[in-house]
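Just so it is clear, none of the values below were taken in a lab; they were calculated from the coordinates. Quick caveat: nothing in here was measured; it's all calculated off a predicted structure. We place every Cβ from the backbone using ideal geometry, glycine too, and count neighbours over all the protein chains shown.
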Amino acid sequence: MSKGYVWVVDDDSSIRWVMEKTLSSANIKCETFSDAESVLMALERETPDVLVSDIRMPGIDGIELLNQVHSRSPELPVIIMTAHSDLDAAVNAYQKGAFEYLPKPFDVDETLTLVERAIAHGQEQRKEQSSQLEQSYDSPEIIGEAPAMQEVFRAIGRLSRSSISVLINGESGTGKELVAHALHRHSPRAQKPFIALNMAAIPKDLIESELFGHEKGAFTGANNVRQGRFEQANGGTLFLDEIGDMPLDIQTRLLRVLADGQFYRVGGHSAIKVDVRIVAATHQNLEKLVHQGKFREDLFHRLNVIRIQIPSLRERRQDIEKLTQHFLALAAKELGVEMKTLHPKTVEILNRLDWPGNVRQLENMCRWLTVMASGSEVLPSDLPSELISEKKNVDFENDTSWQKQLESWAKSALASGETEILSYALPEFERILLEAALHHTNGHKQDAAKVLGWGRNTLTRKLKELY
C-alpha cells in the first residue's frame, strides 16, 4: 500500500524524473506535471497528499499556483523549490503559506524526509478537520434557524475580522456568554485567552482586585501578587457579564483602561499595559441606568460601539424543537443513557410555552426529563408540573388572543354604527407594535426597525406620522 500521493510540477524534465524515481522507490505514488495549468485542471478531479512545485515556470509561476491551490484546498501542504534561491523568494513562499522552501540542488534523502513529513502533516490536518466537523455536527456552537438568530449569526460574521468592543443585550438565560465565546472564536484573537467575569457574582469589594489584580500586602489577606482578569486576557477577549451591576467607581477605572490601554494593580505603582478586547453583556436597560445616574454615560458610549440583541426563546419558537433534541442528546451523553425522543403532542406544548428562563430553562428541563421520564419517548404527562400549569395559563390566554379581541372590537364597532374602522384601527395597530418594539430593544431605533421588518427610514417616518 502506498504511503502517500504526491504531485510534482516543474518545467525541467530531469527534476521531474529524479523526484518520481526517489518517491516511487520509497513507496510513495507520484504524478508529475510540466506546468501549473495542468495541475489546476487535475485538481478538478482529485487532490494529492502533497504538492511539490518549482517557483519559476512559464505561464503561472509557483507562487501564483500556491495561491490558487490554497484557495481550493487550504489544508494541502505545498513545498516550493527553486534554483534561484534567495531571501526574497524564501520569505515570499512562507508568507503565501508554503509548507517548506526547498532550494536546488537538493539532497535526495533530505527531500524524501521532507516529503514524508509533509504527508504526515497533511494527514494530521485532515484528521483534525474531520474531528472538528464531527464535533460541530454533534454539538454546534449556537443553534438557531429563526430570523432573529440569523441576525445574530450575521453580526458575528461581520465582526469576524474586528477587535471592536461589543455590547450584548438579552434576557437572562438567552445565551449571551455563548455569543461572546463565538465572537472571540471567530475573531483575530481566537488563539489568545477568553476570560469571563460576572459582575453580579462577585462581591463589590472584590471586583477591583478581580479585574485589575493586586500587589502583595495591598490589603488584609493579600499575601501574594495576583494577576487580574485584564492581565489574564492580554491579547485576547475579556467578557464582562452583567456589566450593569458594575459599581460606579469601578466603571471609572474601566473607562480609563479603555482609553489608555493601561492600569495599576491594587496597591501598585507601575502601569501595566494591556491589549484587550471588551465584550460586555447585560439583561438591563443601560440607557435607563444612565438616565438614573447608575451607569456612566461615557462608558456606555465606549461599550456600545456595536450592539447585538439576543432574542428570547419565545421570540424564536421555531428553534424550540431542535434545541430540545440537542439538549436531550447532550444530557443522554453526559449521563450515559439512551436519548429520549419527543412525542408530537409534547412538541406542541413546548412550542406554546413562554419560557421565562429562556434557553437555560429549556436545557435544565431536558436534563430533568432524561432522568425522570419513565419511557423512551417524552409524553405530555412527563413534563414537570410547573410547565403543565404554565401551559394551562397559555391555553387561557389563547382563548382571549389578540385576534379574538380584535374581532370582538370590530363586531362591536360595526354594531354601534361606526364607519371607516380600518382607517382608525391600522394606525393604532402600528402604534402598539412600534411601542412594543421600542420597549423590547430598549429604545434602540435601528434594532426596533429590524424586529418589525422595517427599514430605519420607515420607522422614522412612522414615528412622525403616528405621534
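Over its Cα atoms, what ratio of radius of gyration to 2.2 N^0.38 Å does the chain give? Walk me through the numbers on the way to the answer.
Working: Rg = 30.6 Å, N = 467, 2.2 N^0.38 = 22.7 Å.
Ratio of Rg to 2.2 N^0.38 Å for the chain: 1.34.
Which cross-chain or sequence-distant (5 or more) residues have an amide H under 5 Å from the amide H of Glu377, H modelled 1.01 Å from N in plane?
Amide H neighbours of Glu377: Thr341.
To make sure I understand the rule: partners must be lysines, Cα under 19 Å from the Cα of Lys450, and not fewer than 8 residues away in the same chain. Which ones qualify?
Qualifying lysines at Cα under 19 Å: Lys462, Lys464.
Any idea what the relative contact order of segment 402-466 is, in percent, if you count C-alpha pairs under 8 Å spaced at least 6 apart?
On the way: 24 pairs, mean separation 12.8, N = 65.
Here the relative contact order equals 20 percent.
Classify segment 402-466 from the C-alpha gyration tensor, please: rounded if a/c falls under 1.5, else prolate or oblate depending on whether a/b exceeds b/c.
Since a/c reaches 1.5 and a/b is larger than b/c, the shape of segment 402-466 is classed as prolate.
What relative contact order, as a whole-number percentage, does segment 147-309 give when Cα pairs under 8 Å and 6 or more residues apart are counted? Write down the numbers at each step before the final one.
Values: 288 pairs, mean separation 52.3, N = 163.
Relative contact order of segment 147-309: 32 percent.
Can you tell me the orientation of helix 248-260 relative to the chain, as the angle in degrees between its alpha-carbon axis and the longest Cα principal axis, to the nearest 10?
30 degrees
Could you work out [θ]222 nm for the chain from helices alone, using -39500 (n - 2.57) per DSSP H run of at least four and dividing by all its residues? Round to the nearest 500 deg cm²/dmol.
The helix contribution divided over the chain gives -16000 deg cm²/dmol.
Considering all projection directions equally, how large on average is the shadow of the alpha-carbon convex hull of segment 291-360, in square nanometres? Before the final figure, lay out each step's value.
Details: hull surface 30.4 nm².
One quarter of the hull surface, i.e. the mean projection, equals 7.6 nm².
Hey, what angle do you get for helix 358-372 against the long axis of the chain, alpha-carbon based, 0 to 90 degrees rounded to 10?
Once rounded, one gets 80 degrees.
Going down the table (Lys176/Lys445; Lys192/Lys273; Lys3/Lys96), which pairs top 23 Å between alpha carbons? Walk me through the intermediate numbers first.
Details: Lys176/Lys445 21 Å; Lys192/Lys273 16 Å; Lys3/Lys96 27 Å.
Those over the limit are Lys3/Lys96.
May I ask for the angle, rounded to the nearest 10°, between helix 62-72 and the longest principal axis of the chain, with both axes built from Cα atoms and the value confined to 0 to 90°?
That helix lies at roughly 40 degrees to the long axis.
Which semi-axis lengths, in whole Å and largest first, follow from the square roots of five times the eigenvalues of the Cα gyration tensor of segment 165-232? Don't skip to the end; give the middle numbers.
On the way: eigenvalues 157, 54, 11 Å².
Calculated on Cα positions only, the semi-axes equal 28, 17, 7 Å.
What share of the DSSP beta bridges in the chain is antiparallel, in percent to the nearest 5? Don't skip to the end; give the middle numbers.
Working: 3 of 40 bridges.
Just about 10 percent of them are antiparallel.
Under 8 Å for C-alpha pairs, at least 6 residues apart: give me the relative contact order for segment 290-391, rounded to a whole percent. Kindly include the intermediate steps, with their values, before the conclusion.
Details: 82 pairs, mean separation 28.8, N = 102.
The normalised contact order for segment 290-391 reaches 28 percent.
Could you work out the percent of alpha carbon pairs in segment 261-415 separated by over 22 Å, rounded to a whole number? Before the final figure, lay out each step's value.
Working: 7497 of 11935 pairs.
Value for segment 261-415: 63 percent of Cα pairs lie more than 22 Å apart.
For the residues Arg158, Arg117, Arg16, what sequence is obtained by ranking on other C-beta atoms within 10 Å, fewest first? Don't skip to the end; give the middle numbers.
Numbers: Arg158 10, Arg117 15, Arg16 20.
Ascending Cβ contact count within 10 Å gives the list Arg158, Arg117, Arg16.
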